[in-house]
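**Student:** Here it is, the structure, as structure tokens.
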Amino acid sequence: METPGNEERRPPTVPEGIPLLDEEAKLPQNERPELLIITGMSGAGRSRTAAALEDLDWYVVDNLPPRMLAALARMMTPGEGGVHRLAAVVDVRSREFFAELVSVLDQLRLQGTDYRIVFLDADDDVLVRRYESVRRPHPLQGDGRLLDGITEERQLLAHLRRRADVLIDTTDLSVHDLARKVREVVAGESDRPLRLTVVSFGFKYGLPLDADHVVDVRFLTNPYWVSELRHLTGTDEPVRDYVLGQRGATEFADRYVDALAPVLDGYIDELKPFVTIAVGCTGGKHRSVAMAEAIAQRLRDRGQSVRTLHRDLGRE
């Protein structure tokens with residue numbers, strides 16, 4: 001026991017004077033493992049919810065037997081390259097195994113595993129219409145009517161609905177509305193930036209098949225006809241200065257990025273996360289490369305996530 005003037009001595013630190021690390025320091029919030037249990041009524045949008053989470057880089061497992069949840073949760077690892085955001089779709093398709101779900105969830109809590117339950121629901125008449133449109137039987141329908149399967153499932157899931165952390169009623173939601181709801185409510189990523197790729201190419205080799213926008217910079221004088229620049233590429237400073245130093249070159253890059261602003265906002269609204277901008281010249285070596293880099297940098301300056309790709313460099 002400590003007495004005045006005789007405080008308990010703490011182990012030394014190296015270098016001297018640096019405070020000891022808190023042994024119970026928690027991981028930063030953005031590195032803590034997250035586990036989502038996706039469940040709910042068949043036809044209410046579980047698959048679309050799983051797809052939306054996959055688009056947000058969650059690791060998604062569909063139709064998982066409940067007894068596998070604990071083992072799967074132990075595989076989660078924080079940090080770069082690990083599985084730290086896991087979503088498991090668990091529902092009545094697992095048949096007799098589904099009855100184990102409640103006890104498995106209770107066991108996870110006892111083991112200190114944090115999770116959230118996301119429950120998808122919709123009105124019975126909407127579920128009936130959705131099943132009739134795809135002409136598939138309800139997993140609990142058996143030899144009865146479609147509505148019999150829906151009624152039985154609603155009874156089986158009543159306790160899960162009550163303990164759900166997030167309840168999403170998809171009665172009046174389109175597939176795009178549901179994806180937005182998942183981003184906002186479940187994943188907390190409504191403001192996730194786009195992922196832009198600016199790719200240079202040569203028209204003589206054909207257009208990139210995945211291009212959303214095509215920019216033609218053959219209006220600029222070609223450095224190929226300057227003997228000192230012919231062997232260089234648009235990534236080299238002399239070529240870059242030659243291309244961007246021409247009348248109208250920087251103005252074009254500035255105004256093109258300005259014109260893209262409302263388009264990119266629209267892509268966010270329409271849940272199109274990946275956009276490819278193709279910048280072309282004759283051979284894809286000089287002008288397109290320099291302009292692609294200039295456009296990419298301007299987009300980065302506006303807070304966009306951008307990578308550059310020079311498809312045809314070295315092809316000549």
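Just so you know, all these numbers are worked out from the coordinates, no wet-lab data involved. The model shown is predicted, which means the values in this text are computed figures rather than measured ones. Positions of Cβ are generated from backbone atoms using ideal geometry, with glycine treated the same way; all protein chains shown enter the neighbour counts.
**Student:** Starting from the Kirkwood radius over alpha-carbon pairs of the chain, derive D by Stokes-Einstein at 10 °C in a medium of 1.306 mPa s and give it in µm² s⁻¹. Could the numbers behind the result be given before it?
**Tutor:** Values: Rh = 24.3 Å.
Approximately 65 µm²/s, per Stokes-Einstein.
**Student:** What 222 nm value per residue comes from the helices of the chain, counting each DSSP H run with n ≥ 4 as -39,500 (n - 2.57) and dividing by all residues, nearest 500 deg cm²/dmol?
**Tutor:** Rounded to the nearest 500, it is -10500 deg cm²/dmol.
**Student:** Given 159, 141, 182, which one lies farthest toward the positive end of the charge dipole of the chain, if we put +1 on the Cβ of every Lys and Arg and -1 on the Cβ of every Asp and Glu?
**Tutor:** Checking the options against the dipole of the chain, the answer is 141.
**Student:** If you don't mind, there's one more thing I want to ask. For a footprinting-style exposure proxy, rank 302, 311 by other Cβ within 10 Å, fewest first. Could you put the intermediate results ahead of the total?
**Tutor:** Numbers: 302 12, 311 18.
Exposure proxy ranking, most exposed first: 302, 311.
**Student:** I'd like the FRET efficiency for residue 74 and residue 250, computed as 1/(1 + (r/R0)^6) with the beta carbon distance as r and R0 of 45 Å, rounded to 0.05.
**Tutor:** On the way: r = 55 Å, r/R0 = 1.21.
Once rounded, the FRET efficiency stands at 0.25.
**Student:** Here is a follow-up. Of the residues 257, 279, 89, which exhibits the maximal mean-square fluctuation in a Gaussian network model of the chain defined by a 10 Å Cα contact cut-off?
**Tutor:** Answer for the Gaussian network model of the chain: 257.
**Student:** Shifting gears a bit: Connecting C-alpha atoms closer than 10 Å in a GNM of the chain, tell me which of 183, 109, 135 has the biggest fluctuation.
**Tutor:** 135
**Student:** Calculate the dipole size of region 172-316 relative to its Cα centre from +1 charges on Lys and Arg beta carbons and -1 charges on Asp and Glu beta carbons; express the result in debye to the nearest 20.
**Tutor:** Values: 20 positive and 22 negative charges, 86 e Å.
So the dipole magnitude of region 172-316 works out to roughly 420 debye.
**Student:** Ok, one more. At R0 = 30 Å, how high is the FRET efficiency between residue 210 and residue 114 if r is their beta carbon distance? Nearest 0.05 is fine.
**Tutor:** With R0 = 30 Å, the Cβ-Cβ based efficiency is 0.20.
**Student:** Just going by the charge dipole of the chain, with Lys and Arg at +1 and Asp and Glu at -1 on Cβ, which of 59, 126, 314 is farthest out on the positive end?
**Tutor:** Result: 314, furthest along the dipole toward the positive end.
**Student:** Calculate, in whole percent, how much of the Cα-Cα pair population of region 195-310 lies beyond 23 Å.
**Tutor:** Tail of P(r) above 23 Å: 26 percent of Cα pairs.
**Student:** While we're here: Taking the DSSP beta bridges in the chain as the whole, what percent of them are antiparallel, to the nearest 5?
**Tutor:** In the chain, approximately 5 percent of DSSP beta bridges are antiparallel ones.
**Student:** Just 133, 174, 305 to compare: in a GNM of the chain, with alpha carbon springs under 10 Å, which one fluctuates most?
**Tutor:** Between 133, 174, 305, it is 133 that shows the largest mean-square fluctuation.
**Student:** Can you pull a Stokes-Einstein diffusion coefficient for region 157-261 at 20 °C (1.002 mPa s), Rh from Kirkwood over Cα pairs, as a whole number of µm²/s?
**Tutor:** Taking Rh from Cα pairs, D becomes 114 µm²/s.
**Student:** Provide the FRET efficiency to the nearest 0.05 for the residue 63-residue 305 pair, computing r from the beta carbons and using R0 = 45 Å.
**Tutor:** Efficiency, rounded to the nearest 0.05: 0.85.
**Student:** Sticking with this one: Percent relative contact order of the chain, based on C-alpha pairs within less than 8 angstrom and at least six residues apart?
**Tutor:** Computed over the chain, the figure is 18 percent.
**Student:** Then there's this: For region 267-316, what relative contact order do you get, as a whole percent, if you take Cα pairs closer than 8 Å and at least 6 residues apart? Mind dumping the intermediate values first?
**Tutor:** Values: 28 pairs, mean separation 16.1, N = 50.
Reported relative contact order: 32 percent.
**Student:** Could you estimate the translational diffusion coefficient of region 29-186 from the Stokes-Einstein equation, with Rh from the Kirkwood formula over C-alpha pairs, at 10 °C and 1.306 mPa s, in whole µm²/s? Display every interim value, and only then the final one.
**Tutor:** Numbers: Rh = 16.2 Å.
Calculated translational D: 98 µm²/s.
**Student:** Name all residues of region 201-217 having a backbone nitrogen under 14 Å from the label point set 7 Å from the Cα of residue 259 along its Cα→Cβ direction, giving them as ranges.
**Tutor:** Residues 213-217 qualify, since their backbone N sits under 14 Å from the label point.
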